[in-house]
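Participant: Below are the structure tokens for one structure; questions will follow.
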Amino acid sequence: MEERFSYLFDQFAKRQATPSEREEFFAQVSSGEYDAYLQQLMRDTYEQDNLADLPDDQIGDWYLPGADQRIVAAVFSSRPTATVDKKAYFTRLWSRIAAAAAILLVVGAACYLYIAQSNNSLLNTVAYNDIAPGRNSATLTLGNGRKILLSAVTQGELAKDAGVSITKDAEGQISYEIKEIPFAKGRAAEDGEMGETNTLSTANGQTYQVRLPDGTAVWLNAASSITYPVSFNTHKGRQVQLNGEAYFEVAKDKAQPFIVQSAGQEVEVLGTHFNINSYADESSIRTTLLEGAVKVTNLKSKTSNFLKPNQQAILTGANQIEVRDLDAQTSISWKKGEFTFDREEISSIMRKVARWYNVQVVYKDNLNGVKLTGSVSRFENISKLLKMLENTEEVNFEIDGNKVVVKR
């Protein structure tokens, strides 16, 4: 258990923890069970030199950015006896001590927030008219129709059938492992619990990761689903079906191409990194290549285009494929836990907001043609995202329950 706690501490300190990991970390710290070990981790952090060269004016921001600064401020305001010497905090002489202390403040403040939320505190409630971000969760549907809510199950083996095992690891990812040759080549375990195919699906406000039987890693965005064989050994090629958006890191196999089918198109690769956005409410399907090479085929016209890294294929409603150059990293900002907009239309931005925060978007005014630029963490409450967009002075917002009103 200490190994898990150490992992959560490290993720939190680096601000890489998922919402579910943050909640788990706060719960473990507030339990008091790991007090001695937490102190040891703090001492280890203090002794590290890798932060010593940070500029003085970045030390506090590195540890206490965004929401964490506000949490700490709230804790201090509720504890009037606490004081902070900001001048000493930002002095190079005390930079490492301050950095370690900053983590401790965030941990304590986060646990304070966790406990307060458990006791129906007014923090981040309707009184503030705010909405929390999405979280790491999904539903796995087995071949026999059995559904597993992955956020509700602990790590370990979830199912085993015909030589195939499905497990959930400590980081929340599910993986498939072929433990033995389950059946004769060309036959499938149709009568087993897993069946021939499984489906991983996310609702609005959810995201998840899966490692497929061939070792391919898939990150699934909100309101998306992917259907895949439980064993590629019994299928012609490695073929999956995608609805919504996903990022793929495909395991190389020259003998078996990896094929992703989505509405109106097919993407074929041998081993590469790419992203597909194929939401039904978008006007086009966008395939973005980060590494390697892919072939994108229009299933109606049967025409194909080959992509190079930092290129995007856009399949429109007219069944035409347009290829354009771009910075491919912007297309996977969602996977890295960020919203990044570069002169993006407000309607497109708000569709992303609706999926991740599970809200209804209503337009009070005509905002056709309004394009915005900005970036913010996907793990902030919706108010910070909307405030960032309002700073452009192009739009304003109102939050009414689970509804976001967009106006001039």
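The values are calculated or read from the model by the stated rules, or taken from the named source; none is laboratory data. Model, not experiment: these values are computed from the prediction. All Cβ positions, even for glycine, are placed from backbone atoms using ideal geometry, and neighbour counts span all protein chains on display.
Participant: Filter segment 144-177 for residues that are aliphatic (A, V, I, L, M) and touching a Phe, Trp or Tyr at 6+ places or on another chain (Cβ under 9 Å); which is modelled with the lowest pLDDT?
Facilitator: Ala162
Participant: Looking at Ile332, Ile382, Ile399, Ile346, which is the one that is in contact (Cβ under 8 Å) with a residue 40 or more places away in the chain, surrounded by 15 or more Cβ atoms within 10 Å (Cβ to Cβ), of a type in the set (A, V, I, L, M, F, W, C) and in contact with a Leu (Cβ under 6 Å, 6 or more places away or on another chain)?
Facilitator: Checking each option against the conditions leaves just Ile346.
Participant: So which residues in segment 358-376 are buried (at least 17 other Cβ atoms within 10 Å of the Cβ) and not in a loop (DSSP other than H, G, I, E, B), if there are any at all?
Facilitator: Val361, Leu372, Val376
Participant: Then there is this: What single numbered condition from (1) touching a Leu at 6+ places or on another chain (Cβ under 6 Å); (2) surrounded by fewer than 18 Cβ atoms within 10 Å (Cβ to Cβ); (3) part of a strand (DSSP E or B) fails to hold for Gln312?
Facilitator: The single condition Gln312 does not satisfy is (2).
Participant: Have a look at Arg343, Arg355, Arg351, Arg324 and point out the one that is touching a Ser or Thr at 6+ places or on another chain (Cβ under 7 Å) and basic (Lys, Arg).
Facilitator: Arg343
Participant: For segment 204-249, name all the residues that are of a type in the set (Gly, Ala, Ser) and within 21 Å of the chain's Cα centre (by Cα).
Facilitator: Gly205, Gly215, Ala217, Ala222, Ala223, Ser224, Ser225, Gly244, Ala246
Participant: I need a count of the residues in segment 385-396 that are aliphatic (A, V, I, L, M) and surrounded by fewer than 18 Cβ atoms within 10 Å (Cβ to Cβ).
Facilitator: Selection size over segment 385-396: 1.
Participant: From the list Lys252, Lys295, Lys300, pick out the single residue that is over 25 Å from the mean Cα position of the chain (by Cα), surrounded by fewer than 19 Cβ atoms within 10 Å (Cβ to Cβ) and part of a loop (DSSP other than H, G, I, E, B).
Facilitator: Lys300
Participant: I would also like to ask the following. Output the number of residues of segment 259-316 satisfying the condition of being acidic (Asp, Glu) and more than 19 Å from Tyr228 (Cβ to Cβ).
Facilitator: Adding up the residues that qualify gives 3.
Participant: Would you be able to say whether some residue in segment 316-336 is closer than 28 Å to Asn204 by Cα, assigned to a strand (DSSP E or B) and modelled with pLDDT under 95?
Facilitator: yes
Participant: I need the full set of residues from segment 269-278 which are modelled with pLDDT of 95 or more and either aliphatic (A, V, I, L, M) or in contact with a Pro (Cβ under 7 Å, 6 or more places away or on another chain) (or both), in order please.
Facilitator: Result: Ile276, single match.
Participant: Of the residues in segment 262-292, how many are in a strand (DSSP E or B) and without any contact (Cβ under 8 Å) to a residue 24 or more places away in the chain?
Facilitator: 2
Participant: I would also like to ask the following. Determine, yes or no, whether Val260 is closer than 25 Å to Leu326 by Cβ and either touching a Lys or Arg at 6+ places or on another chain (Cβ under 9 Å) or among the small types (Gly, Ala, Ser) (or both).
Facilitator: When the stated conditions are applied, Val260 does not pass them.
Participant: With the requirement that a residue be of a type outside the set (Phe, Trp, Tyr) and touching a Gly at 6+ places or on another chain (Cβ under 9 Å), what does segment 331-341 give you?
Facilitator: Thr340 - this is the single residue of segment 331-341 that is of a type outside the set (Phe, Trp, Tyr) and touching a Gly at 6+ places or on another chain (Cβ under 9 Å).
Participant: Looking only at segment 385-406, count every residue that is closer than 16 Å to Gly369 by Cα and in a loop (DSSP other than H, G, I, E, B) and tell me the total.
Facilitator: So the answer is 4.
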